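Written out below as structure tokens is the structure these notes cover.
A short reminder: the numbers here are calculations on the coordinates, not readings from a lab. What you are looking at is a predicted structure, and each value in this text was computed from that prediction instead of being measured. Every residue, glycine among them, receives a Cβ derived from its backbone with ideal geometry; neighbour counts consider all protein chains shown.
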Amino acid sequence: MANDAQVFTIQHESGRLDAVLSQFDSAYTRSQLANWIKQGQILVNGQTVKPSYKVSEGDRISVEPPAPVSTELEPENIPLDIVYEDEDLLVVNKPQGMVVHPAPGHADHTLVNALLYHSPLSSINGEFRPGIVHRIDRDTSGLLMVAKNDKAHQALSAQLKEHKNQRIYYALVKGDFKEDRGTIEAPLGRHPVDRKRQAVVEGGREAITHFEVVQRYLGYTLLKVRLETGRTHQIRVHMAYIGHPVVGDSLYNRQPNLPGVKLAGQLLHAKTLSLQQPSTGKEMLFDSDLPDYFKEALGTLTPMITVKGERK
């Protein structure tokens, strides 16, 4: 290991190596640490181990983070649909097909590139995700809050963690619901075989999704979905899990297409967002229209009419 490696000695701590290290230094996430363990950047008593290694008293842990990859995020003059802006934050209506921040395979033309051209952003999430407090998937459209400074970022992140934000999505899903509303509570984690997907897994992270029927159609249902937690692909996985996958979702829906309609992605839109303004504490509520392609898709369906409590 290099001379600048960090060294920790296990005293009374117990558990998995990656979990214990994340408690030692909050600057690194558990997933980061697990990857570094696999890459041999973290040694226990001079030896490579697995992330699941259980630490013992006296273990000497050496951590040498990988050398940073030199890169620059280029501001790009990409049009933005800005719903609200002040000195602390922006609320942006992201279009379907736009990646939120640079990642492997998407080095530019992202929402972050566009935001950097428009405004200074917070630095808390590092070089690749400046200003990004929460994300939505590339092929999901809708409202995102973005922090323009670190103080605002910390405040908005705390609101998310404490479940103070209202995040409501509209989703067109396959099939009919007997109930008018319900809650899905099923833990989520990485799919055991397909690393691109998430799945309901034992021991996964808590995930809670509330839904309410907005409109029933022949063979389909339009839902209002409220997130209590914000896990990766949460709505898409939970809906597929209960047998009602989101229309247009090629990852979790075996038959994603809508007859006669060409879709570019899932019919899932982050429609409503609430937050507290970081400096004033004022409660703010934002709403957005469904995108035209979403409305056009709904227009091809046959509504189920409810008469005296019965569906026809």
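Classify the range 74-162 as rounded, prolate or oblate, taking a ≥ b ≥ c as the square roots of the eigenvalues of its Cα gyration tensor: rounded when a/c is under 1.5, otherwise prolate if a/b is larger than b/c and oblate if not.
On the way: a/c = 1.40, a/b = 1.36, b/c = 1.03.
Taking the square roots of the gyration eigenvalues as a ≥ b ≥ c, the range 74-162 is rounded.
Taking each pair of different alpha-carbon atoms in the range 110-241 once, compute 1/r for the pair, average those values, and report the inverse of that mean as the Kirkwood hydrodynamic radius in Å to one decimal. List each step's numbers first, then the result.
On the way: mean 1/r = 0.0607 Å⁻¹.
Evaluated on the range 110-241, it is 16.5 Å.
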Explain nothing, just compute: Karplus ³J(HN,Hα) = 6.51 cos²θ - 1.76 cosθ + 1.60, θ = phi - 60°, for every residue of the range 290-300 in order, whole Hz, x for Gly and Pro. 5, x, 4, 5, 5, 4, 5, 5, 4, x, 8
Hydrodynamic radius by Kirkwood, which averages 1/r over all alpha carbon pairs of the range 146-217, in angstrom: 15.4
Explain nothing, just compute: Karplus ³J(HN,Hα) = 6.51 cos²θ - 1.76 cosθ + 1.60, θ = phi - 60°, for every residue of the range 162-170 in order, whole Hz, x for Gly and Pro. 8, 6, 8, 8, 9, 10, 10, 10, 10
Cβ-Cβ cut-off under 9 Å around Leu273, Lys and Arg +1, Asp and Glu -1: the net charge is +1
Viscosity 1.306 mPa s, temperature 10 °C: give me the Stokes-Einstein translational D for the range 163-312 in µm²/s, with Rh taken as the Kirkwood radius over C-alpha pairs. 96
Rel. contact order, % - alpha carbon contacts under 8 angstrom, at least six apart, the range 74-162: 32
Of the listed values (i) 1.01; (ii) 0.96; (iii) 0.94, identify the label whose number matches Rg/Rh (Cα atoms, Kirkwood Rh) calculated from this model. (i)
I'd like the FRET efficiency for Thr9 and Arg205, computed as 1/(1 + (r/R0)^6) with the beta carbon distance as r and R0 of 35 Å, rounded to 0.05. 0.75
Once R0 is set to 30 Å, what does the formula 1/(1 + (r/R0)^6) return for the Cβ-Cβ distance between His109 and His191, expressed as a FRET efficiency to the nearest 0.05? 0.60
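Sort 240-252, 112-124 by the packing proxy (mean of other Cβ within 10 Å over each peptide's residues), most packed first.
On the way: 240-252: 20.5, 112-124: 18.9.
Ranked from most to least packed, the peptides come out as 240-252, 112-124.
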Sort 179-190, 281-292 by the packing proxy (mean of other Cβ within 10 Å over each peptide's residues), most packed first. 179-190, 281-292
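Report the per residue volume, in Å³, of the convex hull enclosing the C-alpha atoms of the range 6-63.
On the way: hull volume 3.7 nm³, N = 58.
Spread over its residues, the Cα hull of the range 6-63 gives 64 Å³ apiece.
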